[in-house]
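Working notes, beginning with the structure itself.
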Amino acid sequence: MNNEDVKLLKALLHGTDNLVSRLSNASAFINEALPDVCWVGFYLVNENGDLYLGPFQGKPACINIKKGHGVCGSAAMNDETLVVPDVHQFPGYISCDAAAMSEVVIPIHDDEGKVTAVLDIDSATLGRFSDEDSEEITALKNITEYILTDKA
Ligand code: SME
């Protein structure tokens with residue numbers, strides 16, 4: 001995953017405002033582009049700050065996550081990227097798939113800068129995600145800016 005992939009994803013999403021279509025293709029693209037991942041998808045934030053499952057690739061997952069709960073709820077509530085090298089060390093971690101060992105969650109903002117969704121990626125490899133400043137996570141953060149709309 002690098003800046004070339006960011007360009008490819010932008011081209012892939014171009015031309016539709018439909019959020020379901022955009023998130024569906026984005027999850028499929030990221031799942032194909034990243035090695036060693038077992039779940040790639042989105043949780044959307046509702047008006048209360050709780051999260052609900054959006055388009056994803058991987059095994060069926062938890063549908064609802066309360067505000068501030070788990071890695072996803074914490075990342076959304078605090079508007080911060082969370083890199084979790086060992087999910088068992090994360091207090092309040094929500095397990096959807098026993099195979100998941102490491103995880104990264106990146107907030108996605110609307111035009112006003114409000115967190116409206118998160119991108120959640122799991123790996124069955126311990127330590128698969130460990131460095132927030134890696135080229136891969138930097139590219140993923142860049143990608144999130146283009147996922148909701150074409151113009152961002
Ligand atoms: N592990 C996440 C829950 C979502 S699944 O990984 C798909 C969490 O703790 O928020």
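MET77 meets each of the listed conditions (1) free of Cβ contacts under 8 Å to residues at least 60 places away in the same chain; (2) of a type in the set (A, V, I, L, M); (3) in a strand (DSSP E or B) apart from (3).
Among the residues of region 103-128, those identified as closer than 16 Å to PRO85 by Cβ, over 12 Å from the mean Cα position of the chain (by Cα) and open to solvent by 10 Å² or more (accessible area, probe 1.4 Å) are ALA124, THR125, LEU126, GLY127, ARG128. Could you figure out which of (1) within 26 Å of ASN2 (Cβ to Cβ); (2) surrounded by 15 or more Cβ atoms within 10 Å (Cβ to Cβ); (3) small (Gly, Ala, Ser) isn't true of SER21? For SER21, the failing item is (2).
Test VAL71 against the criterion of being more than 10 Å from the ligand (Cβ to nearest atom), β-branched (Val, Ile, Thr), surrounded by 12 or more Cβ atoms within 10 Å (Cβ to Cβ) and under 16 Å from the mean Cα position of the chain (by Cα), and give yes or no. Considered against the rule, which asks whether it is more than 10 Å from the ligand (Cβ to nearest atom), β-branched (Val, Ile, Thr), surrounded by 12 or more Cβ atoms within 10 Å (Cβ to Cβ) and under 16 Å from the mean Cα position of the chain (by Cα), VAL71 comes out as no.
For region 128-152, the set of residues classified as basic (Lys, Arg) and in a loop (DSSP other than H, G, I, E, B) consists of ARG128, LYS151, listed by residue number. ASN78 meets all of the listed conditions (1) more than 12 Å from the ligand (Cβ to nearest atom); (2) open to solvent by 30 Å² or more (accessible area, probe 1.4 Å); (3) on the phi > 0 side of the Ramachandran plot but one, namely (3). Looking across region 88-102, the residues that are more than 7 Å from the ligand (Cβ to nearest atom), open to solvent by 60 Å² or more (accessible area, probe 1.4 Å) and in a loop (DSSP other than H, G, I, E, B) come down to PRO91, ALA98. Please specify each residue of region 103-127 satisfying the condition of being in a strand (DSSP E or B) and of a type in the set (Asp, Glu). Listed by number, the residues that qualify are GLU103, ASP120, ASP122. Tallying residues that are open to solvent by 40 Å² or more (accessible area, probe 1.4 Å), more than 13 Å from ILE147 (Cβ to Cβ) and assigned to a helix (DSSP H, G or I) within region 24-57 yields 2.
The values are calculated or read from the model by the stated rules, or taken from the named source; none is laboratory data. Since we're looking at a predicted model, the values are computed, not measured. All Cβ positions, glycine included, derive from the backbone under ideal geometry; neighbour counts span all protein chains shown. Note: areas computed on protein heavy atoms with side chains; ligands, DNA, RNA excluded. Shrake-Rupley method; radii C 1.70, N 1.55, O 1.52, S 1.80 Å.
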